[in-house]
1. Taking the criterion of being open to solvent by less than 60 Å² (accessible area, probe 1.4 Å), within 9 Å of the ligand (Cβ to nearest atom) and modelled with pLDDT of 85 or more, would at least one residue in segment 98-105 satisfy it?
2. Using the structure shown, decide if ASP219 is away from the ligand (no atom under 16 Å from the Cβ) and farther than 22 Å from THR105 by Cβ.
3. For the structure I just gave you, tell me whether LYS578 is modelled with pLDDT of 80 or more, open to solvent by 70 Å² or more (accessible area, probe 1.4 Å) and in a helix (DSSP H, G or I).
4. Name the pairs: first residue in segment 528-543 and free of Cβ contacts under 8 Å to residues at least 24 places away in the same chain, second residue in a helix (DSSP H, G or I), Cβ to Cβ under 9 Å, at least 6 apart or on different chains?
5. How many residues are among the β-branched types (Val, Ile, Thr) and within 13 Å of LEU460 (Cβ to Cβ) when one looks only at segment 391-417?
6. When the residues of segment 3-39 are filtered to those that are open to solvent by 50 Å² or more (accessible area, probe 1.4 Å) and part of a helix (DSSP H, G or I), which remaining residue is modelled with the highest pLDDT?
7. Let me confirm something: among ASN78, ASN89, which residue is open to solvent by less than 30 Å² (accessible area, probe 1.4 Å), closer than 20 Å to ASP320 by Cα, part of a loop (DSSP other than H, G, I, E, B) and in contact with a helix residue (DSSP H, G or I) (Cβ under 8 Å, 6 or more places away or on another chain)?
8. Being in contact with a Leu (Cβ under 8 Å, 6 or more places away or on another chain) and buried (at least 16 other Cβ atoms within 10 Å of the Cβ) is the filter here, so list the residues in segment 209-229 that pass it.
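The values are calculated or read from the model by the stated rules, or taken from the named source; none is laboratory data. Worth saying up front: this structure is predicted, and the values here are computed from it rather than measured. Quick reminder, even Gly has a Cβ in these numbers, built from the backbone with ideal geometry, and neighbours come from all protein chains shown. To get the accessible areas, we keep the full protein, side chains included, count just its heavy atoms, and leave off ligands, DNA and RNA. Shrake-Rupley method; radii C 1.70, N 1.55, O 1.52, S 1.80 Å.
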Amino acid sequence: MTLEEQLEHLPAEPGVYLFKSARGAVLYVGKAQNLKSRVRQYVNGGDGRIRIPALIERAVSVDVLVTGNVKEALLLENELIKQHRPPFNVRLRDDKQYLALRIDTKEAWPRITMVRRFRKDGANYFGPYTSSISLKKSLSKLRGLFPLRSCTDGTFKDYARRGRPCIEYEMKRCLGPCCELTDQSAYAEQVTGTMLFLRGKSRELVDSIEREMAAAAADERFEDAARLRDRLQAIERTIESQQIVTEQGLDRDVFAIAREGGEVDVQVLHVREGRVIGARDFPFSNVRIDDGEVMGSFLGQFYGSGEGHSPPREVLTSVDFEDDGALAMLWLERFGQAVSIRRPQRGGSRRLLEIAERNASLSLSTRLAARESVETALRELEERCRLSVRPHRIECYDVSNLQGTLAVASRVSFEAGQPVKKDYRRYRIRDAEPGDDYACMREVLDRRFRRVDKEPLPDLLMVDGGRGHLGVVMAALDDAGLEVEVLGISKQRDEDSPSRRVKRSGGLKAERIYRPGRVNPIQLAPSSRGMLLLQRIRDESHRFAIEFQRELRSKVNMTSILEELPGIGPHKRSALLKALGSLRGVRNASLDELRAVPGVSNRDAESIRRFFDALAASQAAPELPPDDA
Ligand code: SF4
């Protein structure tokens, strides 16, 4: 049956429809008051507003599920979008990808924690937050204002046993409940204050502190009154820094859409008591439904995503959409809150909407500019490095060892200039000599190339290294009978100069790009987009390898590390431990002391010293920040 023929059999009732491809994949899920007329609009064009040619070209069938009313259809639609992830729907990411703050007031001494899930466990959740950086900033500010404990239960008990609080108490960021330096009611005040602050209830919060302050002064508890005054001032300073956007102190969430073709940004402003307390941006790509459909679908998912994530009394939107009445009824039932959904035309509400619209446009243009910049970088690499394809997908390999021990390798994958972390791999070198970089690289590549059936090759494979490394890659590809574009990137050294100093260009270490079949390395300008992208990928690969090695180092027994040192077998190891008393003795021994151990040569002594010096340096080195891009 064709779609047109199926149309004749559809009921004129409320429900959900699912467009499916020839292979049975769900392409789009929608809801309707009248299934028959809605699906007809899609198939025949109807009023021309919602017809999506790309969808109708691919859809071969439509399934429908009849519901009692549109409200039930809304619920079902959200469930089906979550379940099938249809490509033509706008889909919010899973809850667990967002961060939230959690306070469980059932705990004896509640603490505030960052979590990845809203659970139905009776605790209070605040958020979600899309950026961990902004959440950490908020948390740090919050701890300065309301000194709740930040420790785990285990640490709490530990300090209680010791009878002295941790540094947080000294820093006035915790009241020290572990050592009974506060009482339940004083602590509960902080919990209440934190929750009011997070809900944006600044007026209520300020009133309650002022009341407490007056009571403390009346009871001649002047120290308490002074402490409350300081807190009040700090809170007022924080509130003042939040922009006032409306004279009426109302609670509203404001939703605006910006669009360029299939690229859409939905901006959400959270306004509490007339102040913007948070703004979030949700980017979507390849959107082929109209703005009204985007808004309806987005709102349905936005407030359905978890406990504690409920709508305020007013929801303002930049576009009209169907079924807003059904959505409001659904929220009333689910959250016990009457919500007015409207598109304001004038006044303070309209100004709020304009702010959201401006921010949505800004986010969209920033995103498109970043994409344009990546396109420029990829085009530059394609042209300057004479690649046969534009390298949309790039893999980079790096090998790392610690003074010839604990050899590991990393693979990072980037698509359109962005890391694809699910495709990152870590390799523990099994067969190659740990200090032999080329052999380690060869082992990793052989292992990678054996999996091309499961993991197709990228457009460009890059390695951190020069001609030697490139030769290893080409040999591995030859042996595997594979072809892929390859390049090596390495810091430029003056190989002709005896000092072999790293060359610098404009304060930056100059880099060389090596390509198979080219005698001379390619030099891109250090600040060119192509070079910056390659460096970013190489640095990420390096970071990932080092991170793995650190992890490994912390797990491996140090005594056995000694055995992994080249030239140190069980006999020399026993001699070292016997002569120097312990591993610590070996680690701290001078070169002369090591040389004096029977059976240990000058070379062994140097290798041991070098190893422990490198280990100490690497342990003292600060952790590199993860690539948060
Ligand atoms: S002072 Fe005590 S309760 Fe507060 S964070 Fe430190 S250990 Fe936890």
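1. At the first step, the residues of segment 98-105 found to be open to solvent by less than 60 Å² (accessible area, probe 1.4 Å) are 98-104.
Filter once more, so that each one left must be within 9 Å of the ligand (Cβ to nearest atom): none.
The answer is no; no qualifying residue exists.
2. Values: away from the ligand (no atom under 16 Å from the Cβ): yes; farther than 22 Å from THR105 by Cβ: yes.
Yes; evaluated as a whole, the condition is true for this residue.
3. On the way: modelled with pLDDT of 80 or more: yes; open to solvent by 70 Å² or more (accessible area, probe 1.4 Å): yes; in a helix (DSSP H, G or I): yes.
Against the criterion (modelled with pLDDT of 80 or more, open to solvent by 70 Å² or more (accessible area, probe 1.4 Å) and in a helix (DSSP H, G or I)), LYS578 qualifies.
4. These pairs meet every condition: MET531/ALA377; MET531/GLU380; MET531/LEU381.
5. Just the residues of segment 391-417 that are among the β-branched types (Val, Ile, Thr), to begin with: 394, 399, 405, 408, 412.
Add one more test, that the residue is within 13 Å of LEU460 (Cβ to Cβ), and what stays is 394, 412.
Looking only at that region, the number is 2.
6. SER37
7. Numbers: ASN78 fails: part of a loop (DSSP other than H, G, I, E, B).
Just one listed residue meets the conditions, ASN89.
8. As a first pass, look at segment 209-229 and keep what is in contact with a Leu (Cβ under 8 Å, 6 or more places away or on another chain): 209-210, 212-213, 216.
Matches in segment 209-229: ILE209, GLU212, MET213, ALA216.
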